[in-house]
Amino acid sequence: MTGILQNKKHKLLAIYLMPDHAHILVGQNPNISLSATVNVLKTETTKFIKEKGFSPFRFSWQEGFGAFSHSRKELDRVIKYILSCIAFP
């Protein structure tokens, strides 16, 4: 996911993958819509997981996504929240 986002000129600020969803904080490239970014992430990660055989089960993302915007002032707090999932899943 990091490489996909960097290739699209987004700035990855924090990421944590839960067993059934992902938390990702991105400095969004203003030239690419959020829905296009999510579509590319889902498509490319699904392809990668299938090619590498990382899951013995059929892998797919759920339809849709949730997204939130935050002020610069809130960035540290949001990053800490995402990374706290590592310590307290």
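All of the numbers you see were taken from the coordinates with simple rules; none came from a lab. Note that the coordinates shown come from a computational prediction; the quantities given were computed from them, not determined experimentally. In this analysis, Cβ positions are derived from the backbone assuming ideal geometry, glycine residues included, and neighbour counts consider all displayed protein chains.
Data table
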| read-out | value |
| --- | --- |
| When the chain is reduced to its Cα atoms, the Kirkwood hydrodynamic radius in Å | 14.2 Å |
| Relative contact order for the chain, counting Cα pairs under 8 Å that sit 6 or more residues apart, in percent | 31 percent |
| Nearest-0.05 FRET efficiency for Cys85 and Ala36, computed from C-beta distance (R0 30 Å) | 0.70 |
| His21 paired with Val78, simple spin-label distance in nm, labels 7 Å along Cα-to-beta-carbon | 1.6 nm |
| Backbone HN-Hα couplings from phi across the stretch 36-47 [Karplus 6.51/-1.76/1.60, Hz, Gly and Pro as x] | 5, 4, 5, 4, 5, 4, 5, 5, 5, 5, 4, 4 |
| Added length on full extension, which subtracts the Cα-Cα distance from 0.36 nm per residue, Glu63 to Glu44 | 5.3 nm |
| Lysine pairs within the chain, Cα separation less than 21 Å, 8 or more sequence positions apart or different chains | 9 |
